[in-house]
């Protein structure tokens, strides 16, 4: 992943070598590694330990005392559409994640510093690409098969943790636009939302891509957090396209593009009834509310008009879209626990909602939203299980829909006008052991692609899709 031909193999080899000796893993995609914490010693029993390989004969705690944490995790899943789609069938896909963290205080006596590097090995096929042609893809780990560097950054904390700065290659979906409740779900848009996925270059710096940048975090009060940053807006370095994950050297994560534009992003977070170490549990129910905005300084193609002002559907058109300087989106996120029998109880019912919008003239998706309900400890004796029901909405912009109407008018043949795609998701995450999760999942997609033509049966639209699947996550270390 790095020096293009030499540094990525070196880094990946180093991480894998240590992993074989006893590596560790995190979620999919993983939270930032380390943050200066040390893993607690694992119980000896197979079903009680936090990682499948346990302490590896004491190696993991020894590394932690030196300030080193390692992660190795495997996510595997199988999904099948039993109705609708371009055709029916099943696909397997998987993700191996590796990360290495260094606490500079333990390693060098330099307080407040954290270094993190992570790599991905993506394998299998994408059901969404093969069978569904939907906008809001079924799984958050679906991506072009490859091995790549993901993140490489250094973070330094100041003022007893009230201020920190992160520099380097970063994936924005780790910190920006996040929702605690949506993290349970499998659909991609429950992680990185539809608006940036469709409207930024290569989907923006989010899994499985990342970009060079700097992020500032300030906590003026325990309840208030401000996040702000500026990043390269084009993680693949290619032209604006629907799929640039494998363009050139970005197949291994080594293309550090700085030629397109800058992506500026800021987010204000407010937490209510937050638990504090050493303080009595709050009486009220916890919640977090966020407001954010991003602005991209690059140029973006018009969804309807060419450089001369003609419709792109006009046979006399140049076929080259008019370009607009700059793009932006506003968003809001809310997570709120609405019921819990007691302050110390694991059982709780929570709601979440995330909405965002963008200008219709230069964006395929002008509005997206997702939300839902989660229940922790849903059944007696299942404290660590979680049940959820959620939804997602993606609205094709009015200008893109106008192009569809113009296409029908100029060709004189029926042509579907795209509108809104909606999905429902029902999921149950079973914690079989601290290191092993199994998650059955069901999704139903209404109006796939916003109502696009079925390439296997034109001029009919793609029929609504019922998708069943199961995901398993094993933390090896």
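Modelled label positions at residue 328 and residue 472, each set 7 Å beyond Cα in the direction of Cβ, lie 4.9 nm from each other. Rounded to the nearest 10 degrees, the angle from helix 7-22 to the longest Cα principal axis of the chain is 40 degrees.
Using C-alpha pairs under 8 Å with a sequence gap of at least 6, the mean separation divided by the residue count of the chain gives a relative contact order of 15 percent. Pairwise inverse Cα distances across the range 333-477, averaged and inverted, put the Kirkwood hydrodynamic radius at 18.1 Å. Placing a pseudo-label 7 Å from each Cα along the Cα-to-Cβ vector at residue 123 and residue 411 gives an inter-label distance of 4.1 nm. Estimated from the Cβ-Cβ distance and a Förster radius of 60 angstrom, the FRET efficiency linking residue 339 and residue 318 is about 0.55.
In a fully extended conformation the segment linking residue 373 and residue 295 would gain 25.0 nm over its present Cα-Cα distance, using 0.36 nm per residue.
Taking Cα atoms only, the orientation of helix 398-411 departs from the longest principal axis of the chain by about 30 degrees. Per-residue packing, averaged as other Cβ atoms within 10 Å, sorts the ranges 309-316, 393-400 into the order 393-400, 309-316, beginning with the highest.
Full extension of the segment from residue 426 to residue 107, taken as 0.36 nm per residue of separation minus the current Cα-Cα distance, would add 110.4 nm.
Dividing the summed helix terms, -39500 (n - 2.57) for each DSSP H run of n ≥ 4, by the number of residues in the chain produces a 222 nm estimate of -3000 deg cm²/dmol to the nearest 500. With viscosity 0.692 mPa s and temperature 37 °C, the Kirkwood radius over alpha carbon pairs of the range 60-172 converts through Stokes-Einstein to a diffusion coefficient of 197 µm²/s. Length gained on full extension, residue 221 to residue 349, computed as 0.36 nm times the residue gap minus the Cα-Cα distance: 43.4 nm. Sorting 447-455, 189-197 by their mean Cβ neighbour count within 10 Å, with the most densely packed peptide first, gives 189-197, 447-455.
Across q = 0.11, 0.13, 0.14 Å⁻¹, the range 7-475 modelled as identical point scatterers on its alpha-carbon atoms has Debye log10 I(q)/I(0) values of -0.95, -1.35, -1.58, in the order of the q list.
Just so you know, all these numbers are worked out from the coordinates, no wet-lab data involved. This structure is a prediction, so every number in the text was calculated from the model and none was measured. Note: ideal-geometry Cβ built from the backbone for every residue, glycine included; neighbour counts use all protein chains shown.
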